[in-house]
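So the structure is just underneath, and the comments pick up after that.
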Amino acid sequence: MNPVVSVVIPNMNARQWLDRCLQSLLAQTLQPTEIILVDQNSNDGSANYVAEAYPQVRLLRQTEDRGFTGACNDGMKAARGEFLVLFNTDARAEADWLEVLVKAMGDDASIGSAACKTLDYHNSALIYSLGDGVLSNGDTYNIARNMKDRPELPMPRWVFGPSGCTAIYRRAALDVVGLLDEDYYTYHEDVDIAWRLQLAGFKCLYVPKAVAYHVGDATGRKFRERTAFISGRNRWFVLFKNLPVGLWLRYAPQMAVRQAKTVWWAIKGDEESRVRCRGALSSLAFLRREWRKRRAVQRSRQLSTAEVAAMVRAHEELRRQLEAIAKQEK
């Protein structure tokens, strides 16, 4: 018997992408038990179009703006699956994508999530993401972003987390760590949940034979200033909440240098850097709230500080290797 798999798609005014997205999911060799489209009060006719053209898709209509995180959570709460997939409207998948992912995760309860090979939507020779890596300066990165797709890339079996545009989670793992943090609204919410899963002892498996395609920020690019502000704020939310205290001390110089570079570019007149700095400063107003969340996360932590540090070192080494290969490509 096939496992129960629920696909959740948050939608806001993405009518132009919906056919290719939904048709790729409906053509899967392992058919999802349900596809749930959560419409965020779109004004481009998205919801009515899906209701008429795709009656097999379960439509949830939101009447208020609950952000990307609220839309995803509403969909996951309504879903029945033992595997929960978050899929962006500006993504599409190869026909065996879901089957390969679910088979790879199997019955191993320690695998809380999986990352696929996500290629550039418009140029499939380029990589969008092979999952997320984590760095000692507090950042995460899309592994092999904008590199040429090639089989000999030095990819590990385990990565930090899946890219939120094409992510699959085991419900039992989310039952332990919780769903997306709705205070993030959008951006870095996938990083936060990756941290929580890793700290609780759940691994993320990289599955190279599962292939999808993603445009990247197809709707967010319309709101550059808001995107920069929220990203600058949420980056610090992630660290306040999840980074073990011993690593705050160890990584303070790297994090300080990273933030100083943003401040420097802001001083030099880069408007996006200025907005990111304002976002970072705004995060300080929420320290008490994030501290309460932090206590809950750290109480359930299964990974030691040394194990977290080893994971970070491995991802930094991976990035150095990939950067060396990228230089050879130029």
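The values are calculated or read from the model by the stated rules, or taken from the named source; none is laboratory data. Because the structure is predicted, anything quoted here is derived from the model rather than measured. Heads up, the Cβs are rebuilt from the backbone with ideal geometry, glycines too, and the neighbour counts pull from every protein chain shown.
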TODO: Would you be able to say whether some residue in region 258-274 is among the charged types (D, E, K, R) and within 26 Å of Glu182 (Cβ to Cβ)?
DONE: yes
Open item on the list: Could you check region 22-49 and list, in sequence order, the residues that are surrounded by 23 or more Cβ atoms within 10 Å (Cβ to Cβ) and over 22 Å from Leu179 (Cβ atoms)?
Closed with: Ser46
- [ ] Look through Asp96, Asp90 and report the one residue that is over 23 Å from Val38 (Cα atoms) and either among the acidic types (Asp, Glu) or without any contact (Cβ under 8 Å) to a residue 40 or more places away in the chain (or both).
- [x] Asp96
TODO: Could you please let me know if Asp132 is within 30 Å of Ala326 (Cα to Cα), among the charged types (D, E, K, R), at pLDDT 95 or above and touching a Gly at 6+ places or on another chain (Cβ under 7 Å)?
DONE: yes
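Across region 1-11, what is the number of residues that are surrounded by 21 or more Cβ atoms within 10 Å (Cβ to Cβ) and either of a type outside the set (Gly, Ala, Ser) or part of a loop (DSSP other than H, G, I, E, B) (or both)? Let's see the steps before the verdict.
Here is the first cut: in region 1-11, the ones surrounded by 21 or more Cβ atoms within 10 Å (Cβ to Cβ) are 5-11.
Imposing the further condition that a residue be either of a type outside the set (Gly, Ala, Ser) or part of a loop (DSSP other than H, G, I, E, B) (or both) reduces the set to 5, 7-11.
The number of residues fulfilling the criteria is 6.
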Task: Checking Tyr251 against (1) in contact with a Gly (Cβ under 9 Å, 6 or more places away or on another chain); (2) farther than 26 Å from Leu180 by Cα, the condition it does not meet - done: (2)
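Taking the stated definitions as given, is Leu86 among the aliphatic types (A, V, I, L, M), within 19 Å of Gly178 (Cβ to Cβ) and at pLDDT 95 or above? Spell out how you get there, then give the answer.
On the way: among the aliphatic types (A, V, I, L, M): yes; within 19 Å of Gly178 (Cβ to Cβ): yes; at pLDDT 95 or above: yes.
For Leu86, the condition - among the aliphatic types (A, V, I, L, M), within 19 Å of Gly178 (Cβ to Cβ) and at pLDDT 95 or above - is met.
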Open item on the list: Looking only at region 248-282, count every residue that is surrounded by fewer than 19 Cβ atoms within 10 Å (Cβ to Cβ) and closer than 23 Å to Gln198 by Cα and tell me the total.
Closed with: 5
Task: Residues being of a type outside the set (S, T, N, Q), farther than 24 Å from Leu101 by Cβ and at pLDDT below 95 - total across region 62-78 - done: 4
TODO: Output the residues belonging to region 199-229 that are at pLDDT 95 or above, touching a helix residue (DSSP H, G or I) at 6+ places or on another chain (Cβ under 7 Å) and not aromatic (Phe, Trp, Tyr).
DONE: Leu199, Ala200, Cys204, Leu205, Val207, Lys209, Ala210, Val211, Ala212
Open item on the list: Quick check on this structure: which one of Gln56, Gln40, Gln31 is of a type outside the set (Gly, Ala, Ser) and either within 19 Å of the chain's Cα centre (by Cα) or under 20 Å from Asp190 (Cβ atoms) (or both)?
Closed with: Gln40
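Determine whether Leu174 is within 25 Å of Gln298 (Cβ to Cβ) and either touching a residue at least 12 places away in the same chain (Cβ under 8 Å) or surrounded by 22 or more Cβ atoms within 10 Å (Cβ to Cβ) (or both). Let's see the steps before the verdict.
Working: within 25 Å of Gln298 (Cβ to Cβ): yes; either touching a residue at least 12 places away in the same chain (Cβ under 8 Å) or surrounded by 22 or more Cβ atoms within 10 Å (Cβ to Cβ) (or both): yes.
Taking the combined requirement at face value, the residue satisfies it.
I'd like to know if region 64-78 contains one or more residues that are in contact with a helix residue (DSSP H, G or I) (Cβ under 9 Å, 6 or more places away or on another chain) and free of Cβ contacts under 8 Å to residues at least 60 places away in the same chain. Break it down into steps so the answer makes sense when it comes.
Pass one, region 64-78, residues in contact with a helix residue (DSSP H, G or I) (Cβ under 9 Å, 6 or more places away or on another chain): 64, 66-70, 72-73, 76.
This time we only want the ones that are free of Cβ contacts under 8 Å to residues at least 60 places away in the same chain, so: 64.
Yes, that holds for at least one residue.
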Task: Single unsatisfied condition, Gly106 versus (1) closer than 24 Å to Leu179 by Cβ; (2) touching a strand residue (DSSP E or B) at 6+ places or on another chain (Cβ under 6 Å) - done: (2)
Task: region 135-160, residues that are surrounded by fewer than 18 Cβ atoms within 10 Å (Cβ to Cβ) and either at positive phi or not assigned by TED's automatic domain parsing to the domain that holds His188 (or both) - done: Asn146
